[in-house]
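Each reported figure results from applying straightforward, stated rules to the coordinates on display, with no laboratory input. This is a predicted model, so every value here is computed, not measured. Every residue, glycine as well, gets a Cβ built from its backbone with ideal geometry; the counts of neighbours run over all protein chains shown.
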Amino acid sequence: MADATPAETLLTPTVDDDGAPFWTYAARGELRVQACAEAPCGELRFPPRPCCPHCGSFDREWRRMSGRGRIWSYVFPHPPLLPAYAEQAPYNAIVVELADAPRIRLVGNLVAAPDAALNSVPPERLRIGAKVQVVFADVGGTVVPRWILERP
């Protein structure tokens, strides 16, 4: 595997029926979250699932989010578990709380640009509460959300 590019060896999501629309929207550059379509419930939910945990309805829709959020938590994995990640160490894994849906938190990476390496942001730049904006990158044929600082 010495000739493989990092994107070819990084983990990619396993897409199931409930989450497939999330990845379809991501490929279009949109961040959407599943919501209950039953009135008056309308609760957002992530990860996607077939039934609303609040009211039990199977009616659902996908609401577009602003893509803004804040770093809720982060970690620098030591040591990285897979060889492709070891090549980019130290890199970050962050949890982002969405600005327009504070109960929804997504895991990703803070990067300097959409296609930048996972270690493109120096560790000292990360802080809890830092405002971030979603960007999208193709990783091994799947478009995934990543995050950039609102104020670089």
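PRE reach from L82 (point 7 Å along Cα→Cβ): which of the range 118-152 fall under 11 Å by backbone N?
140, by backbone N distance to the label point.
Could you give the spread of the C-alpha atoms of the range 51-126 along their three principal axes, from largest to smallest, in whole angstroms?
Principal extents (Cα only, largest first): 45, 24, 21 Å.
How about the range 1-104: which chymotrypsin sites (Phe, Trp or Tyr not before Pro) there lie in a loop by DSSP and see at most 14 other Cβ atoms within 10 Å?
Passing both the DSSP loop test and the Cβ count: F58.
Which distance in Å, rounded to a whole number, links the C-alpha centroids of the range 91-136 and the range 62-89?
6 Å
In percent, what relative contact order does the range 3-152 have, based on Cα pairs under 8 Å that are 6 or more apart in sequence?
The value is 23 percent.
Taking a ≥ b ≥ c as the square roots of the eigenvalues of the Cα gyration tensor of the range 88-152, is the shape rounded (a/c under 1.5), prolate (a/b larger than b/c) or oblate? Could you put the intermediate results ahead of the total?
Details: a/c = 1.76, a/b = 1.15, b/c = 1.53.
Here the range 88-152 falls in the oblate category.
Just to compare against my own numbers: the Cα pair-distance distribution for the chain, 5 Å bins, whole % per bin, please.
2, 9, 17, 20, 18, 16, 9, 5, 3, 1, 0
Rounded to the nearest 20 debye, what is the charge dipole size of the chain about its Cα centre when +1 sits on each Lys and Arg Cβ and -1 on each Asp and Glu Cβ? Don't skip to the end; give the middle numbers.
On the way: 16 positive and 17 negative charges, 135 e Å.
So the dipole magnitude of the chain works out to roughly 640 debye.
Ordered by residue, what ³J(HN,Hα) values in Hz, to whole numbers, does the range 67-77 give under the Karplus form 6.51 cos²θ - 1.76 cosθ + 1.60, where θ = phi - 60° and Gly and Pro are x?
My calculation for the range 67-77 gives x, 9, x, 9, 6, 8, 7, 7, 8, 10, x Hz in order.
Show me, for the range 85-100, the HN-Hα J-couplings you get by feeding each phi into the Karplus relation (A = 6.51, B = -1.76, C = 1.60, θ = phi - 60°), rounded to Hz, glycine and proline as x.
Listing the rounded values in order: 7, 4, 5, 9, 5, x, 10, 10, 10, 10, 10, 10, 8, 5, 5, 9 Hz.
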